[in-house]
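I'd like to ask you about the structure that follows.
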Amino acid sequence: MITAPIANMTGKIETQTLEVSIGPQHPSTHGVFRMDVVLDGEIVRALKPVIGYLHRNHEQLAEKMAWLHSMPYTDRLDYFNSMTNNWAYALAVEKLAGIKVPERAEYIRVIMAELSRLQNHASAIGFLLQDCGAWGTPLLYAFREREKILDFFETVSGSRMMCNYLRFGGVRVDLDEPMLAMAREIVAKFPKFLDEFEKLMTTNEVVLARCQRVGILPKELAIAGSISGPVARASGVEYDLRKVDQYGVYGRFEFGVPVGPVGDVYDRYYIRVLEMREALKILQQALRDIPAGPAQAPEVKLRGFKIPAGDGYGRVEGPKGELGFYLVSDGGPKPYRYHVRPPSFINITVLEDMCLGHKVADAIIILGSIDIVLGEVDR
Amino acid sequence: MNYPGKGLVDGLAVTARNFVGSYFYTDRLTTVQYPEERVQTPENSRTFPFLVFDESPDKPRCTACKICEVECPPKCIYIVMDRDEKGKPRQQPKIFDIDISVCMQCQICVEVCPFESIKMDNDYEKSRYGRFNELMLRLPDLLKSNEYYRQIKPTEAAAVDAKLKAEAEAKAAKKAAAAAVAAAKAAASPPATPPPASPKPPEGSAA
């Protein structure tokens with residue numbers, strides 16, 4: 001005998017909330033990430049991100065080893081952008097130790113950081129569209145382009161992703177003429193890919209239906225949650241450390257900071273396309289103006305490197321947002337305190353606010369639109 | 001012109017162009033038949049470290065100074081210095097292990113080595129069936145000739161060879177000058193002791 005009533009006296013169907021664990025192995029969760037979701041039918045009523053599956057004790061580890069030895073470990077934070085991770089750490093150390101970086105090295109750093117931004121944004125929107133259900137095609141188009149940039153990284157630094165390329169006071173390998181020619185070729189060919197990609201996706205009706213007015217992050221919440229990077233700019237916060245801090249030689253380049261009008265998933269997709277176009281402008285200027293000279297400050301020793309006591313915070317505009325390193329030195333060969341401010345970790349704190357009231361499938365693309373890397377969230 | 005579904009049609013045109021193009025443009029055909037065909041890796045490409053020897057594997061450039069052991073961030077290098085019967089150090093490693101399951105290919109050992117002895121290989125076929133001993137590279141696995149190094153990294157090896165040659169020449173010149181001074185001293189003073197033998201020319205760049 002069936003006892004459970006399907007409908008109550010008013011004729012309305014009674015529903016129960018259901019707690020579902022999404023992840024940690026779901027392929028669309030960008031790494032080992034779990035979401036505890038409370039569902040009412042298909043609507044998300046509560047969402048709790050569960051992190052820590054990829055914890056590797058990065059900060060404590062760095063406090064136990066010499067300053068330089070953390071450099072290869074920073075590659076593994078956000079493994080898409082080892083170059084910008086290196087830069088943030090090197091910047092913090094250079095600030096603390098008062099090292100002056102040669103001009104050429106600054107330009108090389110800009111070139112590397114902007115190429116990282118290109119390949120990160122290309123793969124980020126590829127993954128986002130894969131989360132939307134466009135299996136394979138946009139992601140592989142993006143990866144085809146990313147591959148060329150990774151080949152360039154391998155030619156220069158020796159490794160495709162774990163570059164370990166920057167050193168305190170410069171870079172490890174100087175760019176010679178064939179390498180610069182390779183970079184110029186990438187920059188020359190990239191707009192063609194962007195145009196093609198936009199034709200494929202920007203006006204696609206399915207993408208518009210899935211992404212517009214979904215996962216809106218209000219400007220006030222973005223500021224209150226100290227959200228940074230493309231996610232904040234898509235919500236209309238005009239905040240770019242390349243403009244605000246003008247670290248390195250960014251003050252010399254002309255480029256715009258695109259800002260999104262609504263702050264939905266579509267804006268977060270499109271802001272990345274626009275940022276890639278701005279990054280190409282910076283790259284063209286940097287590759288044109290790169291001066292001759294040394295690529296490494298000669299006074300910085302590899303071994304026995306010590307920093308006077310003090311503390312310093314170095315931050316760069318990584319492709320995912322503000323990446324900062326807070327370092328405290330007690331004058332010894334190791335950092336006394338080493339803290340990372342990872343953009344992905346701060347950016348997923350607003351995941352619940354964006355997902356409430358949307359469907360489960362929307363929660364997946366909202367997560368994809370934040371573009372997190374779990375290596376950086378869990379450290 | 002704008003009509004409903006234009007975005008979809010445009011997108012399909014892009015994929016169709018890529019599909020057809022893949023038959024005509026060879027640079028789009030990125031697939032490589034791997035074991036038969038290989039992609040040439042760039043010269044800077046790096047995988048795991050190896051040790052360089054000049055003439056014979058019995059005399060590696062490595063002097064077992066243990067700098068790389070100390071400087072290795074994940075501490076994957078283990079070195080024991082070779083000693084003769086009397087316990088005198090022989091300036092070369094008896095044990096030199098690199099655990100490549102721990103090594104993170106960061107190249108810091110190469111940068112800190114003062115003897116140009118440890119270098120990065122570009123051999124990426126390191127898959128093994130076992131998990132422990134098979135991934136532990138011992139001294140015989142690590143030792144590779146300078147010819148091999150020249151072959152995989154021509155520019156870098158040429159620079160290293162030139163540097164070592166210059167160092168050896170400088171050392172020989174210094175030694176000759178010291179010997180000349182000693183000889184002059186011996187000639188000036190009464191010949192109580194026989195003059196010291198002239199120094200042998202350095203053998204290769206083993207110095």
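The values are calculated or read from the model by the stated rules, or taken from the named source; none is laboratory data. As the structure is a computational prediction, the values presented were derived from the model and not from experiment. Glycine also receives a Cβ, built like all others from the backbone with ideal geometry; neighbour counts cover every protein chain displayed.
Scan region A:51-71 for residues that are touching a Phe, Trp or Tyr at 6+ places or on another chain (Cβ under 6 Å) and more than 14 Å from every other protein chain (Cβ to nearest Cβ) and jot them down.
Across region A:51-71, the qualifying residue is only A:Glu59.
Only one of (1) within 11 Å of chain B (Cβ to nearest Cβ); (2) of a type in the set (A, V, I, L, M); (3) out of contact with any helix residue (DSSP H, G or I) (no Cβ under 7 Å at 6 or more places or on another chain) fails for A:Ile43. Which number is that?
(1)
When you look at A:Thr74, is it in a helix (DSSP H, G or I), surrounded by 18 or more Cβ atoms within 10 Å (Cβ to Cβ) and either among the basic types (Lys, Arg) or within 14 Å of chain B (Cβ to nearest Cβ) (or both), yes or no?
Yes: the conditions hold for A:Thr74.
When you scan region A:273-285, do you find a residue that is more than 16 Å from A:His121 (Cα to Cα), out of contact with any His (no Cβ under 8 Å at 6 or more places or on another chain) and not basic (Lys, Arg), even just one?
yes
OK, next. Among the numbered criteria (1) under 19 Å from A:Arg76 (Cα atoms); (2) surrounded by fewer than 21 Cβ atoms within 10 Å (Cβ to Cβ); (3) touching a Pro at 6+ places or on another chain (Cβ under 7 Å), which single criterion is violated by A:Glu322?
Here A:Glu322 meets the rest and fails (2).
If you don't mind, there's one more thing I want to ask. Look through region A:208-225, keep the residues that are in a helix (DSSP H, G or I), among the small types (Gly, Ala, Ser) and over 16 Å from A:His358 (Cβ atoms), and return whichever of them is farthest from the other protein chains (Cβ to nearest Cβ).
Per the stated criteria, the residue is A:Ala224.
Restricting attention to region A:275-284, does a residue exist that is surrounded by fewer than 23 Cβ atoms within 10 Å (Cβ to Cβ) and under 25 Å from A:Lys359 (Cα atoms)?
No: region A:275-284 contains no residue that is surrounded by fewer than 23 Cβ atoms within 10 Å (Cβ to Cβ) and under 25 Å from A:Lys359 (Cα atoms).
A further question follows. Check off (1) within 14 Å of chain B (Cβ to nearest Cβ); (2) surrounded by fewer than 19 Cβ atoms within 10 Å (Cβ to Cβ); (3) modelled with pLDDT of 85 or more for A:Thr202 and give me the number that stays unchecked.
It fails just one condition, (3).
(1) assigned to a helix (DSSP H, G or I); (2) more than 19 Å from the chain's Cα centre (by Cα); (3) modelled with pLDDT under 90: which one isn't true of A:Gly126, the others all being true?
(2) is the only condition that A:Gly126 fails.
List every residue pair whose Cβ atoms sit under 7 Å apart, with the two residues 6 or more apart in sequence or on different chains, where the first one lies in region A:189-216 and is of a type in the set (A, V, I, L, M, F, W, C) and the second, anywhere, is outside any helix (DSSP H, G or I).
A:Cys211/A:Asp264; A:Val214/A:Asp264; A:Val214/A:His358; A:Ile216/A:Val262; A:Ile216/A:Gly263; A:Ile216/A:Asp264
Suppose we keep only residues that are part of a helix (DSSP H, G or I) and among the aliphatic types (A, V, I, L, M) within region A:129-150. Which one would you say is surrounded by the fewest Cβ atoms within 10 Å (Cβ to Cβ)?
A:Leu140
Could you tell me whether region B:83-92 includes any residue that is under 28 Å from A:Gly158 (Cα atoms) and either within 12 Å of chain A (Cβ to nearest Cβ) or over 14 Å from the mean Cα position of the chain (by Cα) (or both)?
no
Return yes or no: is A:His30 within 20 Å of A:Ser344 (Cβ to Cβ) and either in contact with a Phe, Trp or Tyr (Cβ under 6 Å, 6 or more places away or on another chain) or modelled with pLDDT of 85 or more (or both)?
Considered against the rule, which asks whether it is within 20 Å of A:Ser344 (Cβ to Cβ) and either in contact with a Phe, Trp or Tyr (Cβ under 6 Å, 6 or more places away or on another chain) or modelled with pLDDT of 85 or more (or both), A:His30 comes out as no.
So A:Phe255 clears everything in (1) in contact with a Lys or Arg (Cβ under 7 Å, 6 or more places away or on another chain); (2) in contact (Cβ under 8 Å) with a residue 60 or more places away in the chain; (3) farther than 29 Å from A:Gly357 by Cα except one condition, right? Which one?
Here A:Phe255 clears every test but (2).
Another question about this same structure. Identify all residues within region A:134-152 that are facing chain B (nearest Cβ under 10 Å) and among the aromatic types (Phe, Trp, Tyr); write none if there are none.
A:Tyr141, A:Phe152
Would you tally the residues in region A:168-186 being touching a residue at least 40 places away in the same chain (Cβ under 8 Å) and part of a helix (DSSP H, G or I)?
4
Do you know which of the residues in region A:226-258 that are assigned to a helix (DSSP H, G or I) and among the small types (Gly, Ala, Ser) is nearest to A:Leu274 (Cα to Cα)?
Among them, the one singled out is A:Ala234.
Of everything in region B:113-124 that's free of Cβ contacts under 8 Å to residues at least 60 places away in the same chain and more than 15 Å from B:Arg46 (Cβ to Cβ), which residue is farthest from the other protein chains (Cβ to nearest Cβ)?
Here the answer is B:Phe115.
Looking at (1) at negative phi; (2) within 14 Å of another protein chain (Cβ to nearest Cβ); (3) not small (Gly, Ala, Ser), find the lone condition where B:Lys66 falls short.
Only one criterion is unmet by B:Lys66, namely (1).
A further question follows. Take A:Phe153 and tell me if it is surrounded by 23 or more Cβ atoms within 10 Å (Cβ to Cβ), modelled with pLDDT of 90 or more and within 30 Å of A:Ala297 (Cβ to Cβ).
Yes, satisfied.
Separate question: Residues of region A:128-155 being at positive phi and touching a residue at least 24 places away in the same chain (Cβ under 8 Å), which ones?
Hit for region A:128-155 is A:Gly133, nothing else.
Only one residue in B:Val52, B:Val9, B:Val80, B:Val14 is among the hydrophobic types (A, V, I, L, M, F, W, C), more than 30 Å from A:Arg76 (Cα to Cα) and away from chain A (no Cβ under 14 Å). Which one?
None of the other options fit; the residue is B:Val80.
Can I ask one more? Six or more apart or on different chains, Cβ atoms under 6 Å: show the pairs whose first residue is in region B:125-142 and closer than 27 Å to B:Asp58 by Cβ and whose second is assigned to a loop (DSSP other than H, G, I, E, B) and among the small types (Gly, Ala, Ser).
Taking only residues 6 or more apart or on different chains, the pairs are B:Leu135/B:Ser101.
Separate question: What do you reckon, is A:Val237 buried (at least 19 other Cβ atoms within 10 Å of the Cβ), touching a Ser or Thr at 6+ places or on another chain (Cβ under 7 Å) and either of a type in the set (Val, Ile, Thr) or at pLDDT 90 or above (or both)?
Against the criterion (buried (at least 19 other Cβ atoms within 10 Å of the Cβ), touching a Ser or Thr at 6+ places or on another chain (Cβ under 7 Å) and either of a type in the set (Val, Ile, Thr) or at pLDDT 90 or above (or both)), A:Val237 does not qualify.
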